[in-house]
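The values are calculated or read from the model by the stated rules, or taken from the named source; none is laboratory data. Owing to the predicted nature of the structure, the values given are computational and were not obtained by experimental measurement. Glycine also receives a Cβ, built like all others from the backbone with ideal geometry; neighbour counts cover every protein chain displayed. For accessibility, only protein heavy atoms count, side chains too; no ligands or nucleic acids. Shrake-Rupley method; radii C 1.70, N 1.55, O 1.52, S 1.80 Å.
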Amino acid sequence: MKKKGLICLCLAACLLAAAGLAGCGGGEGNIRPISDEEMQGITDLTMSRDSVAESGINIIENGGSKYSILIPADASGDVLTASRELQLFLQESSGAQLPVVTDADMEEYDTQSSYISLGDTFAFAQSGIEVPASLKTSGYILKRVDNTLFVAANGDFGVVCGVYDMLYYTIGYECYASDEIYYEEMSTVPLLDFNLQFTPLLDIRTMNIKEVREDDSYRRRLRLQHASNSWAAKGHTSEEFLPIAEYQDEHPDWYGTTGGDQLCFGCGLEENGDVYGMKAQLIENMKEAIESAPNTTYIQIGINDNWTECACKYCTDAKAKYGNHAGLQLQFTNEVAEEIDAWLAETAPEREMNYVFFAYQQCESAPVRYDEASGKYVPISADFSLRDNVYVYFCPISMDNSKPLDDPANTVNYNLLIQWRDLLDYADCEGNIIVWSYSTAAYAYFLPLYNFGSAGETFRVFAENGVDYIYDQASGDSNIPCFQALKVYTQTKMMYYSGYSYDQLVTDFMTHYYGEASEQLTEYYNFIRAYYKYLEVTQNFSGTIFFQYVDQKFWPSAVCDKMIDILDRALEAIEPLKATDEARYKTLYDRIKRERLSPIYLMFQFYMDDLTQEQKEEYYGDMVKYTRQFGIEGSQESAYNMAAILEEWESQIFN
């Protein structure tokens with residue numbers, strides 16, 4: 001029997017309260033360390049449920065179990081989360097609740113004991129299993145040894161990922177959206193003969209979209225880390241560290257010739273003796289940020305969000321010496337890193353920080369030249385050096401997202417990535433690239449970005465060129481009506497594992513998320529995808545994030561009518577559910593109505609006068625209800641303007 005749907009939060013809370021964290025005594029018998037032969041037999045994960053055989057042992061049998069979930073006595077938040085999620089979904093599947101126990105009193109461990117061991121437990125320490133460094137921080141090992149299953153990783157978030165993947169193999173668990181979770185109902189749950197290791201395509205995966213940012217459970221179930229928790233300061237931090245309003249009157253020289261738009265980084269270099277004291281004050285303010293965020297490991301020195309460059313003598317000379325504006329900024333970042341690291345060595349020797357340079361706008365081009373002999377890019381400056389804890393935040397903001405990064409259409413941005421890769425390799429800082437990617441049409445929240453399928457190929461290109469960490473900027477200030485859950489599902493999947501087929505992911509998602517309306521929603525998706533391609537060929541339609549999608553020339557009324565017609569047929573397709581499964585009917589009805597906001601928005605923008613009064617009132621009612629229900633607060637980036645838009649439409653419709 002199959003089951004799918006929203007997991008009740010109240011039930012989850014009850015399960016967590018009921019579980020407790022009891023101590024556990026040691027099992028009887030001898031410790032059996034893992035042999036070298038067994039370790040060598042570990043194979044790479046393939047995400048195919050058929051690839052793991054059954055062991056003949058059951059975790060749960062006919063609704064009962066002798067198994068416990070074993071965690072360290074000092075378990076981290078990630079391991080606690082992993083244990084609770086494992087307990088929750090095994091009970092949802094089978095009805096049996098496995099107790100969560102700690103190793104606080106464990107003095108012996110026997111492989112015949114019935115444990116699912118998560119993380120660095122006493123049992124794991126005694127097992128002889130070694131987690132290779134190549135698994136990085138979010139990879140893991142799934143290893144059965146006799147009756148015990150080990151989920152082990154270098155980082156505790158790897159344990160979280162391992163648990164979700166173990167549930168996938170075992171009960172078919174899948175998170176399609178925050179309110180659409182699938183698993184099989186099984187009275188008997190087998191202990192599979194796990195002997196797997198897995199390294200995600202990208203080790204650190206974050207996404208700034210409103211729903212994901214505000215729902216930690218959803219985020220973790222997507223195998224995403226938190227976008228900001230590891231940062232003491234991030235983004236355009238120059239203004240944050242040295243606010244113009246606070247310092248410009250007394251220290252105008254700190255901003256050089258920019259009038260306050262940017263800092264004068266050249267005046268702060270060691271060779272110029274920090275002539276105005278700008279760098280010293282910046283460092284003091286950065287120290288405060290680091291102290292106020294004790295659990296963070298990254299801090300950014302980010303230029304302000306404009307193209308202004310200081311043209312003073314200090315900056316001009318430094319750009320000539322270090323190759324360009326990015327070379328100047330890298331040198332400045334290097335010097336700041338050195339001074340703060342010296343301070344940390346004295347005040348908090350256990351603390352390690354990474355210092356991030358923003359390869360953005362006037363700093364996007366690496367300070368390199370092409371060396372014919374080596375076939376690589378090398379530094380322009382003979383004085384170039386880079387500390388091993390200085391990172392480059394690469395931002396391909398101008399790329400055409402409808403095509404992979406290595407497509408000829410994206411040659412400029414692809415070459416920029418290669419330049420930074422080669423520069424970091426030259427400095428023995430291989431892998432010190434963080435990518436700031438983009439997955440929302442900045443001026444068109446009511447329409448999907450033209451990036452169907454191409455995002456996964458771009459993630460692969462990033463990984464092949466030393467990228468381990470990605471921050472995806474989506475609609476962080478507002479949810480969107482148009483295939484948001486689909487976009488989040490497919491993109492996070494492809495950040496995680498390169499073997500997925502995008503089209504198969506789409507088919508799987510449509511089947512589960514839209515249920516009885518999946519045929520019509522697939523038709524709707526295919527129509528939009530084909531129509532975008534038609535516009536690309538005939539009208540230079542683009543996947544750049546700043547492209548003006550909301551233009552009447554792209555959206556004749558017949559196209560809008562077609563979109564509404566398909567979605568109206570989807571509503572008809574779910575009508576029988578009203579009598580047989582009212583709750584499921586309501587869920588699907590609201591999801592279809594959410595998608596319907598996109599063509600309604602276009603109709604209101606361009607064809608309001610062509611609508612009947614009845615249509616206007618119906619469409620307006622849907623706009624009011626579903627923008628509020630789904631947290632759709634803006635029509636474009638940094639514009640929380642839905643209230644004003646609705647007020648204007650109300651005036652037009654109801655006079």
In square angstrom, what is the accessible area per residue of region 375-497 with a 1.4 angstrom probe?
-> 28
Proximal charge balance of VAL151 [Cβ under 12 Å; K/R count +1, D/E count -1] | -3
In Hz, Karplus ³J(HN,Hα) per residue of region 208-220 (6.51, -1.76, 1.60; θ = phi - 60°; x = Gly, Pro) = 9, 10, 3, 5, 5, 5, 8, 10, 5, 5, 4, 4, 5
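Hey, can you rank 592-604, 568-580, 101-113 by average C-beta count inside 10 Å, highest first?
Result, highest mean first: 592-604, 101-113, 568-580.
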With both partners inside region 47-149, how many of the DSSP beta bridges are antiparallel, as a percent to the nearest 5?
-> 30
Quote to one decimal, in nm, the extra length available between SER374 and ASP305 on full extension: 0.36 nm per residue of separation minus the C-alpha distance between them.
-> 21.3 nm
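How charged is the neighbourhood of ASP371? Take every other residue with its Cβ under 15 Å from the Cβ of ASP371, and add Lys/Arg as +1 and Asp/Glu as -1.
Its environment carries a net charge of 0.
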Asserting the computed 222 nm helical MRE of the chain (DSSP H runs at least 4 long, -39500 (n - 2.57) per run, divided by residue count, to nearest 500) equals -13000 deg cm²/dmol
Accessible area of region 353-416 belonging to carbon and sulfur atoms, whole % at 1.4 Å probe | 45
Hey, what did region 54-173 get for relative contact order, percent, Cα under 8 Å, at least 6 apart?
-> 26
Pick out, in residue order, every one of the chymotrypsin sites (Phe, Trp or Tyr not before Pro) in region 283-325 that is DSSP loop and has at most 14 other C-beta atoms within 10 Å; say none if there are none.
-> TRP307
Checked region 555-613 with the C-alpha gyration tensor, a ≥ b ≥ c its square-rooted eigenvalues, rounded below a/c of 1.5, otherwise prolate if a/b is larger than b/c and oblate if not; verdict prolate
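Please report, ordered by residue number, every helix of the chain (full DSSP H runs) that is 20 Å or longer along its axis going by C-alpha atoms and whose mean Kyte-Doolittle hydropathy reaches -1.0.
Details: long enough: 77-94 (25 Å, -0.08); 156-171 (22 Å, 0.98); 278-292 (21 Å, -0.39); 325-347 (33 Å, -0.17); 411-426 (22 Å, -0.14); 518-539 (30 Å, -0.78); 557-573 (24 Å, 0.44); 582-606 (36 Å, -0.68); 613-629 (24 Å, -2.10).
Sorted by number, the helices that extend far enough and score high enough are 77-94, 156-171, 278-292, 325-347, 411-426, 518-539, 557-573, 582-606.
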Report the relative contact order of the chain, percent, no decimals, based on alpha-carbon pairs under 8 angstrom and at least 6 residues apart.
-> 11
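Please identify every one of the GluC sites (Glu not before Pro) in region 183-248 that sits in a loop by DSSP and has no more than 10 other beta carbons within 10 Å of its own beta carbon. Write out the running numbers ahead of the final one.
Values: sites: GLU184, GLU185, GLU211, GLU214, GLU239, GLU240, GLU246; in loops: GLU185.
Sites meeting the loop and neighbour criteria: none at all.
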Mean separation of Cα contacts under 8 Å (at least 6 apart) over the residue count of region 573-655, i.e. the relative contact order in percent, is 23
Provide the per-residue ³J(HN,Hα) series for region 371-376, in order, calculated from phi with Karplus coefficients 6.51, -1.76, 1.60 and θ = phi - 60°, each as a whole number of Hz, with x at glycine and proline positions.
-> 9, 4, 5, 8, x, 10
In debye to the nearest 20, how big a dipole does region 439-494 give about its Cα centre with +1 on each Lys and Arg Cβ and -1 on each Asp and Glu Cβ?
-> 180
Shape category assigned to region 330-479 from the gyration tensor of Cα positions, a/c cut at 1.5 = oblate
Per DSSP, the loop-located trypsin sites (Lys or Arg not before Pro) within region 167-258 having at most 15 other beta carbons within 10 Å are none
Reachable lysines from LYS533, criterion Cα separation under 19 angstrom, eight or more residues apart if same chain | LYS403, LYS487, LYS553, LYS562
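Note down the net charge around GLN419, summing +1 for each Lys or Arg and -1 for each Asp or Glu among other residues with Cβ under 14 Å from its Cβ.
Details: positive: ARG369, LYS376, ARG421; negative: GLU364, ASP371, ASP422, ASP425.
Around GLN419, the surrounding residues sum to -1.
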What percent antiparallel are the DSSP beta bridges of the chain, to the nearest 5?
-> 40
